[in-house]
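The values are calculated or read from the model by the stated rules, or taken from the named source; none is laboratory data. Here the structure is a predicted model, which means the values were calculated and not measured. Cβ placement follows ideal geometry from the backbone for every residue including glycine, while neighbour counts extend to all protein chains displayed. Quick note on the areas: whole protein, heavy atoms, side chains included, nothing else; ligands and nucleic acids left out. Shrake-Rupley method; radii C 1.70, N 1.55, O 1.52, S 1.80 Å.
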Amino acid sequence: MAALTIMLALAGVFVFLAIEGYPGLSAPENIYAPATDFWSYVGPLVFGTILAAVVALVIAVPFSIGVALFISHYAPPRIAAPIAYVIDLLAAVPSVVYGLWGGLALAPALRPVIDWLYDNLSFIPFFAGPPSVTGRTMLTAGIVLAIMVVPITTAISREVFAQTPRLHEEAAMALGATRWEMIRLAVFPYARSGVISAVMLGLGRALGETMAVAMVLSATPVVTLNLISNSNPATIASNIASNYKEATPDKQAVLIATGLVLFAVTFVVNFAARWVISRGERNLTR
């Protein structure tokens, strides 16, 4: 019954977005300005959404897995419990608070880092510059999103690591493996599907985040891999939040249609994650 309720809710969201957003696919050309049609309007937004989420995951996933391993296999209980509690508390912070902190504190603090990246790594497209003077860049937005992704990814990874059969760990240690070798050979294979699920949930949070990105990112309608300049592609969610209140009915239909695209992207990502997880489980049972 619970699963059916969730499916009905998702179907209801899809039907609403499809009905309300369909007129936005063929709105007057001036509604899409500076683009000329819906797909050229939504293309940079999809690119920005995926880019921000990928930057967030690149930063958050190694940190989350490291913290989860430290809590589950390295730290003594009197230290592990407070660390886990603090990490979990990060999930309770409202996104608008992260946005305020990112825009007012983190962005100015990152300006020396941005200048250093431009001076030393400008041959890499991600840091080609010119560097932003405000610090409100895709890199800043990615760091804020990474902090927001860490709690859920860490919590799920921690629980999955802790569920590794004790006999597997003891067998590896008895064969002479070090603690790291035991984790690499016994814990990671067992927890692989769970970690992928944690990463995908974190990705879903990053794809749909609205206020934090809107408050941090200085967005323009461009497609670029540059993470440190003033020209940054907006995300779908932040674009909706920034423009919906003052939008005309035609513009609202366009924004709802972009929400439908985000719904489809999220669905495809989760479907791909389930496929990867099921394939990994089949390989483990062979």
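Pairs meeting the criteria (first residue in the range 142-170 and outside any helix (DSSP H, G or I), second residue of a type outside the set (F, W, Y), beta carbons under 7 Å, at least 6 apart or on different chains) are T164/A186; T164/V187; T164/A191.
Filtering the range 99-134 down to residues that are among the aromatic types (F, W, Y) and within 23 Å of the chain's Cα centre (by Cα), which residue is most open to solvent (accessible area, probe 1.4 Å)?
Just the residues of the range 99-134 that are among the aromatic types (F, W, Y), to begin with: 101, 116, 118, 123, 126-127.
Right, trim to within 23 Å of the chain's Cα centre (by Cα) and you get 101, 126-127.
Working: W101: 104, F126: 85, F127: 37 Å².
Filtering the range 99-134 for residues that are among the aromatic types (F, W, Y) and within 23 Å of the chain's Cα centre (by Cα), the one most open to solvent (accessible area, probe 1.4 Å) comes out as W101.
With respect to A68, determine if the residue is open to solvent by less than 20 Å² (accessible area, probe 1.4 Å), touching a helix residue (DSSP H, G or I) at 6+ places or on another chain (Cβ under 9 Å) and free of Cβ contacts under 8 Å to residues at least 40 places away in the same chain. No.
P62 - would you say it is under 22 Å from the mean Cα position of the chain (by Cα), under 25 Å from A212 (Cβ atoms), free of Cβ contacts under 8 Å to residues at least 12 places away in the same chain and open to solvent by 70 Å² or more (accessible area, probe 1.4 Å)? Steps first, answer last, please.
Working: under 22 Å from the mean Cα position of the chain (by Cα): yes; under 25 Å from A212 (Cβ atoms): yes; free of Cβ contacts under 8 Å to residues at least 12 places away in the same chain: yes; open to solvent by 70 Å² or more (accessible area, probe 1.4 Å): yes.
Criteria met by P62.
Looking only at residues that are among the hydroxyl-bearing types (S, T, Y) and open to solvent by 20 Å² or more (accessible area, probe 1.4 Å) in the range 239-263, which one is modelled with the lowest pLDDT? Quick ask: steps written out before the conclusion?
From the range 239-263, those among the hydroxyl-bearing types (S, T, Y) are 242, 244, 248, 258; that's our starting set.
Subsequent filtering for residues that are open to solvent by 20 Å² or more (accessible area, probe 1.4 Å) retains 242, 244, 248.
Values: S242: 81, Y244: 77, T248: 82.
Out of the qualifying residues, it is Y244.
Quick grid of which residues meet (1) within 11 Å of A253 (Cβ to Cβ); (2) open to solvent by 60 Å² or more (accessible area, probe 1.4 Å):
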{"residue": "M1", "(1), (2)": "no, yes"}
{"residue": "I6", "(1), (2)": "no, yes"}
{"residue": "Y22", "(1), (2)": "yes, yes"}
{"residue": "W39", "(1), (2)": "no, yes"}
{"residue": "G43", "(1), (2)": "no, no"}
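Identify all residues within the range 187-209 that are small (G, A, S) and either open to solvent by 10 Å² or more (accessible area, probe 1.4 Å) or under 25 Å from Y98 (Cβ atoms) (or both); write none if there are none.
S193, G194, S197, A198, G202, G204, A206, G208
Report, by residue number, each residue of the range 54-69 that is closer than 20 Å to A219 by Cβ and touching a Lys or Arg at 6+ places or on another chain (Cβ under 9 Å). Within the range 54-69, just A56 meets the criteria.
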